[in-house]
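Read the structure below first, then the notes.
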Amino acid sequence: MINATDIEMAERLLRIVVGDGMSVQGQFEHYKINRDDYEKFHKDLMSLFIRRTQMSGIPVRNELMPVLNTLMTHHFLVGYVCGVEATRKQTP
């Protein structure tokens with residue numbers, strides 16, 4: 001279970017990992033996340049999101065797609081960092 005403290009810690013780590021915290025590529029490299037695998041995962045998730053919004057009759061403006069991509073990438077990274085840190089806590 002990820003709690004608010006875990007998320008806060010992950011946000012802090014992501015900001016300091018590459019200095020300014022804004023370099024997604026730097027964060028992916030630091031945490032050794034395969035960018036191609038992430039892109040496939042992201043594409044599948046976006047396809048699901050688009051299908052569900054269309055089925056619900058909810059229009060999603062094209063201008064919002066970069067925002068959604070950024071949010072999804074950030075949430076992925078926060079979850080990943082929380083998982084890494086949880087593993088570190090469990091390892092003696």
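The figures follow:
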| item | result |
| --- | --- |
| CD proxy at 222 nm, helix term only [per DSSP H run n ≥ 4: -39500 (n - 2.57); per residue of the chain; nearest 500] | -25000 deg cm²/dmol |
| Neighbour-count order for GLU63, GLU39, GLU85, fewest beta carbons within 10 angstrom listed first | GLU63, GLU39, GLU85 |
| FRET E, pair ARG51, LEU71, Förster distance 22 Å, beta-carbon r, rounded to 0.05 | 0.75 |
| Ranking of THR87, THR53 by count of other Cβ atoms within 10 Å, fewest first | THR87, THR53 |
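Since every read-out is calculated from the coordinates, none of them should be taken as a lab result. Here the structure is a predicted model, which is why all the values come from computation and not from measurement. Neighbour counts run over all protein chains shown; Cβ positions are idealised from the backbone, glycine included.
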